[in-house]
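Inspection log for the structure reproduced underneath, given as structure tokens.
Please treat every number below as a calculation from the coordinates, not as lab data. Because the structure is predicted, anything quoted here is derived from the model rather than measured. Every residue, glycine among them, receives a Cβ derived from its backbone with ideal geometry; neighbour counts consider all protein chains shown.
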Amino acid sequence: MYDNNFALRISKLRTQKGVSARDMSLSIGQNAGYINNIETGKALPSMTSFFYICEYLD
């Protein structure tokens, strides 16, 4: 497992944007549980997905 500051930051920014983890996952072209897996520490995004997440969250 990794330091969960990353997961907490993703969760906070997503919540501020007012979007569900499922909707965000689908919007960046991933399966419905993708962002949830990142936020719970089960997975880390690839570098490409990381940039999609950054772009999505502004």
Could you tell me whether any residue of region 26-41 is surrounded by 15 or more Cβ atoms within 10 Å (Cβ to Cβ), out of contact with any helix residue (DSSP H, G or I) (no Cβ under 8 Å at 6 or more places or on another chain) and in contact (Cβ under 8 Å) with a residue 24 or more places away in the chain? no
Could you list all residues from region 16-58 that are more than 16 Å from Asn4 (Cα to Cα) and of a type in the set (D, E, K, R)? Lys17, Arg22, Asp23, Glu55, Asp58
